[in-house]
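No value in this document is a laboratory result; all are computed from the given coordinates. The structure presented is a predicted model; accordingly, all values stated were derived computationally and were not measured.
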């Protein structure tokens, strides 16, 4: 994929370990990355010399935008790809109740159908990670105010 520029937020380094060659894990990861519109660069590779040896591959995922990069990371995680851990990235809100596309968000259902009826979910909405006084907390997007600091993307998050 030509033309992808490695910029802040558009590249993320991940590590694959295990029997990644003989199990075709590396091939599956590369295929998935390309299917989702991304690209990759292999930074370092160590292939075990015996069948019982563990291999490791350090690769950088490249994406044309932050939304694609997040999809790439989600897609390669089931294959055992572990992102290098670093601090979470943040951004400032420029308008009350509005976040840029780069902000980390969780969308909770607003309604649930049960026994043939729709019921409103209490506190169902878009949520983000807000940083205040050195503490992080999940906050409804509608409560975010201009100048608030929110987490950008999923880098530096641990589940």
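Output the 0 to 90 degree angle, nearest 10, between the alpha-carbon long axis of helix 25-35 and the longest principal axis computed from the alpha carbons of the chain. Approximately 50 degrees, to the nearest ten.
Per residue, the convex hull around the alpha carbon atoms of the chain comes to 164 Å³. In region 46-138, the alpha-carbon atoms span a convex hull of 203 Å³ per residue. With the biggest extent put first, the Cα atoms of region 11-83 measure 39, 18, 15 Å across the principal axes. When all alpha carbon pairs of region 89-152 are counted in 5 Å bins from zero, the resulting P(r) reads 4, 19, 26, 19, 11, 8, 6, 4, 2 %. Using only Cα atoms and rounding to the nearest 10 degrees, what angle (0 to 90) does helix 66-76 make with the longest principal axis of the chain? Orientation of helix 66-76: about 50 degrees from the principal axis. The calculated 222 nm mean residue ellipticity attributable to helices in the chain amounts to -4000 deg cm²/dmol, summing -39500 (n - 2.57) over DSSP H runs of n ≥ 4 and dividing by all residues.
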